[in-house]
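Heads up: the structure comes next, in structure tokens.
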Amino acid sequence: MKKDTYILNPNRIKYILQLYNLKDNELLDKFNSGKKKITLDILNDCLYNAKEVNLSFLKKLDRIFGKGLVWYISDRDIDAKESSIFLRKDKFSSDLNFHARKIINTFEEQKLDVQLLSKLINYNLDRQLDKFSIADDVNLVKSKITTKFEEVEKNLIFKKTLKPKAINDREYLERLIRIIESFNVFVFEFIEHKKTKDKSNFSGFFMKPNVIVIKRQQKYMRREIFTLLHEFAHYLISYEEIDEINDAPNNLENHTNNTTAVEEWCNNFAFKVLINNNEDEFESLIFANKENNYYEEEISNLCKKTYISKTAYYTRLYKEKKISNFDYNIIYSKIVDAINKDENEKKLKEQERSELFKQDRGLHFGVQKPIQSNLFIDILRFNYFDGNIDQGKVCKYLKIKGDKFNEYIY
């Protein structure tokens, strides 16, 4: 082998193409996005036939997958089924694109790190909740879980970990995360950059044994709350899934016809937890139409008393055949228009504030941070004090700058 040339591990190449559901010609398209082009025959020789490649080739490959240069040439093979949900399951609720698979794989790698870090400090992550199945009555499961939630919530309020009451949707989401974490379930929030061209097409996912990831819903915070509880339902029945929770009319019709029994159970669980003692009030609504103003007043009142969105209520009516498809489309468009108008007004206000303070470099507006997992922070903290990881590693895991280190660790 010539100096500064490398030979790829073909088993690892086959693994990563399967992981991202990429065919050789699709990889070629991504590889040839720059000025210098190669043929499919040359690519295949490099990938599978031990043809030597230079550093430039290796860097191009890594710009696509982001695994680190050494990963592609390592001799060690990978236990495929243990390493990825994509290879344990053939089909998902969301038809995942390349960008979504990259993000999910990043969290899978983090999950493996979490497991290792937990073992290093003998951190007990045993399951604390019963395991259920979709054969169990969802109402009974909801009752058992909400009782446990209330007990934990009281304890966290007593310890001053939680405020006595959430004052907005964001605080309620964080509150739910803190409660769920108390049962040894990791919850990670992911924020997609506004300038990302190819948006990931998933809302959340659950990975065995105890990891939930939810995507920040910029305009639809209550959809994110619903997603969290939907994925927590997957944890309760120990069923791995990647979901795109979307109630847009063009998605809803196909989704309703193809919803599995598992997805239906998880949706019902999330809805029942959120509506709680107001379910009878919702069930009393017979059929929404123009004559009763589509129950707009009644739905608005329910929205004030719960953390369920208007679109979720009308979606539920649609699924229960209590509103026509035509009327559902009208209502949905009206709600989305109102949300977009409100969002545009917020952006204008932020721009005005930014202009007022643009000379002050210390002030920044619109910088969003994910809700951190306190359970994960605890494990990082103990590992740091035991000398297993350094400050740089902690900052990398939490995606924070060095000046924020003390804030999280001490």
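Return the percentage of antiparallel bridges among DSSP beta bridges fully within the chain, rounded to the nearest 5 %. Intermediate results must be reported in sequence, preceding the final value.
Values: 9 of 15 bridges.
Approximately 60 percent, going by the DSSP bridge assignments.
Debye calculation, C-alpha points only, no solvent: report log10 I(q)/I(0) for the stretch 114-218 at q = 0.09, 0.24 Å⁻¹, in the same order as the q values.
Values, matching the q order: -0.31, -1.36.
Sorting check: for 394-401, 6-13, which peptide has the highest mean count of neighbouring beta carbons within 10 Å, and how do the rest follow? The partial results should precede the final answer.
Working: 394-401: 15.1, 6-13: 17.2.
Packing proxy ranking, top to bottom: 6-13, 394-401.
Suppose we keep just the alpha-carbon trace of the stretch 5-78; what are its Rg and Dmax in angstrom?
Here Rg and the maximum Cα pair distance are 11.2, 33 Å.
Please determine, in degrees from 0 to 90 and to the nearest 10, the orientation of helix 310-319 with respect to the longest principal axis defined by the Cα atoms of the chain, where the helix direction is its Cα long axis.
Helix 310-319 and the main axis of the chain meet at about 80 degrees.
Over the Cα atoms of the stretch 28-187, compute the convex hull volume and normalise it per residue, giving Å³.
Working: hull volume 33.7 nm³, N = 160.
Measuring per residue, one finds 211 Å³ for the Cα hull of the stretch 28-187.
For the chain, set up a GNM with springs between Cα atoms under 10 Å and report which of N21, N122, N278 has the largest fluctuation.
Among N21, N122, N278, the largest mean-square fluctuation in the Gaussian network model of the chain belongs to N122.
I need the per residue convex hull volume for the stretch 104-340, using only the alpha carbons, in cubic angstrom as a whole number.
Working: hull volume 34.0 nm³, N = 237.
Dividing the Cα hull volume of the stretch 104-340 by its residue count gives 144 Å³.
Can you give the convex hull volume of the alpha carbon atoms of the stretch 6-45 per residue, in Å³? Could you put the intermediate results ahead of the total?
Working: hull volume 3.0 nm³, N = 40.
Cα-based convex hull of the stretch 6-45, divided per residue, equals 76 Å³.
For the charge dipole of the chain, defined by +1 on Lys and Arg C-beta atoms and -1 on Asp and Glu C-beta atoms about the Cα centroid, which residue among F385, S200, N139 has the Cα displaced farthest towards the positive pole?
F385
With the chain treated as a Gaussian network of Cα nodes joined by springs under 10 Å, which of R223, R175, R63 yields the largest mean-square fluctuation?
Per the Cα network of the chain with a 10 Å cutoff, R63 tops the list.
Given a cut-off of 32 Å, what percent of all Cα-Cα pairs of the chain lie beyond it?
Working: 38477 of 83845 pairs.
Pairs farther apart than 32 Å: 46 percent.
When the chain is treated as a GNM, springs tying every alpha-carbon pair under 10 Å, which of F86, F232, F158 comes out with the largest mean-square fluctuation?
F158
Once every Cα of the stretch 214-346 carries one equal point scatterer and solvent is ignored, give the base-10 log of I(q)/I(0) from the Debye formula at q = 0.12, 0.13, 0.20 Å⁻¹, two decimals.
Evaluating at q = 0.12, 0.13, 0.20 Å⁻¹ gives log10 I(q)/I(0) of -0.47, -0.55, -1.35.
A short reminder: the numbers here are calculations on the coordinates, not readings from a lab. Worth saying up front: this structure is predicted, and the values here are computed from it rather than measured. All Cβ positions, glycine included, derive from the backbone under ideal geometry; neighbour counts span all protein chains shown.
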